[in-house]
1. Within the stretch 73-91, can you find the residues that are among the small types (Gly, Ala, Ser), closer than 20 Å to Val49 by Cβ and either out of contact with any helix residue (DSSP H, G or I) (no Cβ under 6 Å at 6 or more places or on another chain) or surrounded by fewer than 17 Cβ atoms within 10 Å (Cβ to Cβ) (or both)?
2. Out of all the residues in the stretch 18-42, which are of a type outside the set (A, V, I, L, M, F, W, C) and either in contact with an Asp or Glu (Cβ under 7 Å, 6 or more places away or on another chain) or not in a loop (DSSP other than H, G, I, E, B) (or both)?
3. Say we look at the stretch 57-72 and pick out the residues that are surrounded by fewer than 18 Cβ atoms within 10 Å (Cβ to Cβ), touching a helix residue (DSSP H, G or I) at 6+ places or on another chain (Cβ under 8 Å) and not small (Gly, Ala, Ser); which of these is nearest to Gly91 (Cα to Cα)?
4. Go over the candidates Leu50, Leu57 one by one and state the one that is of a type outside the set (S, T, N, Q), modelled with pLDDT of 95 or more and within 17 Å of the chain's Cα centre (by Cα).
5. Looking at Leu45, is it in contact with a helix residue (DSSP H, G or I) (Cβ under 7 Å, 6 or more places away or on another chain) and part of a loop (DSSP other than H, G, I, E, B)?
6. Within the stretch 35-46, can you find the residues that are more than 10 Å from Ala83 (Cβ to Cβ) and surrounded by 15 or more Cβ atoms within 10 Å (Cβ to Cβ)?
7. What residue, of Gly69, Gly79, is over 13 Å from the mean Cα position of the chain (by Cα) and in a loop (DSSP other than H, G, I, E, B)?
Amino acid sequence: MSEAADGIADEPAFETQARLALQALAELDGGKGVSLPRLAKRTGLRVSVLLRLFTLLSDARVGDTAGPGWVRLVLEEDGRWMASMTAAGRGDPEQWDHSAP
């Protein structure tokens, strides 16, 4: 599938990659999380790219700014990174942070 066919040819690389990664995570996450290698295979993105993207899309703080909290990253005991979609990432309005202006 080409970027032009998706209507995202003019989108910045970060946004294109984030959209692809979030769509794959939403499709594969059955509540138990998805390993980053599996997502990498599905999306064609490297695990290191997914780790950076999902860190920015989690609730991690970069400087003084916290991310949106759409993704949760966990390092399993066996060394595998797992990603899961949070309620906020699924669009559950009950889980949104209402304290922000």
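The values are calculated or read from the model by the stated rules, or taken from the named source; none is laboratory data. All figures in this text were calculated on a predicted structure; none of them were measured in a lab. Reconstructed Cβ throughout: ideal geometry from the backbone, glycine too, with neighbour counts over all protein chains shown.
1. Gly79, Ser84, Gly89
2. As a first pass, look at the stretch 18-42 and keep what is of a type outside the set (A, V, I, L, M, F, W, C): 19, 23, 27, 29-33, 35, 37-38, 41-42.
Arg19, Gln23, Glu27, Ser35, Pro37, Arg38, Lys41, Arg42 - these are the residues of the stretch 18-42 that are of a type outside the set (A, V, I, L, M, F, W, C) and either in contact with an Asp or Glu (Cβ under 7 Å, 6 or more places away or on another chain) or not in a loop (DSSP other than H, G, I, E, B) (or both).
3. Pro68
4. Numbers: Leu57 fails: modelled with pLDDT of 95 or more.
The unique qualifying residue is Leu50.
5. Working: in contact with a helix residue (DSSP H, G or I) (Cβ under 7 Å, 6 or more places away or on another chain): yes; part of a loop (DSSP other than H, G, I, E, B): yes.
Spelling it out, Leu45 is indeed in contact with a helix residue (DSSP H, G or I) (Cβ under 7 Å, 6 or more places away or on another chain) and part of a loop (DSSP other than H, G, I, E, B).
6. First pass over the stretch 35-46, keeping only residues more than 10 Å from Ala83 (Cβ to Cβ): 37, 40-46.
Of everything in the stretch 35-46, those that are more than 10 Å from Ala83 (Cβ to Cβ) and surrounded by 15 or more Cβ atoms within 10 Å (Cβ to Cβ) turn out to be Ala40, Arg42, Thr43, Leu45.
7. Details: Gly69 fails: over 13 Å from the mean Cα position of the chain (by Cα).
Only one candidate passes the filter, namely Gly79.
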